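The values are calculated or read from the model by the stated rules, or taken from the named source; none is laboratory data. Model, not experiment: these values are computed from the prediction. Please note: Cβ atoms are built from the backbone with ideal geometry, for glycine as well, and neighbour counts cover all protein chains shown.
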């Protein structure tokens, strides 16, 4: 039998399967709507200085995120504020 190699996120999910609980229809609908609002469907090209970009990359690494995802999250929080 061939062993499947899981990535870090997949291993976490597998390790925590027993912790998840079913949700009702209303809560499920809220989750789906929330995910739809977070769908990335636009492209943005910006210029910034290399020092700022490197600082952003370092902060993203500390959080275990890709820097583009980190920037997207920051912009989302600003847009929602």
Looking for something without any contact (Cβ under 8 Å) to a residue 40 or more places away in the chain, surrounded by fewer than 10 Cβ atoms within 10 Å (Cβ to Cβ) and over 15 Å from the mean Cα position of the chain (by Cα) - is there at least one such residue anywhere in region 53-66?
no
Within region 1-43, how many residues turn out to be in contact with a helix residue (DSSP H, G or I) (Cβ under 8 Å, 6 or more places away or on another chain) and either farther than 26 Å from residue 75 by Cβ or modelled with pLDDT of 85 or more (or both)?
2
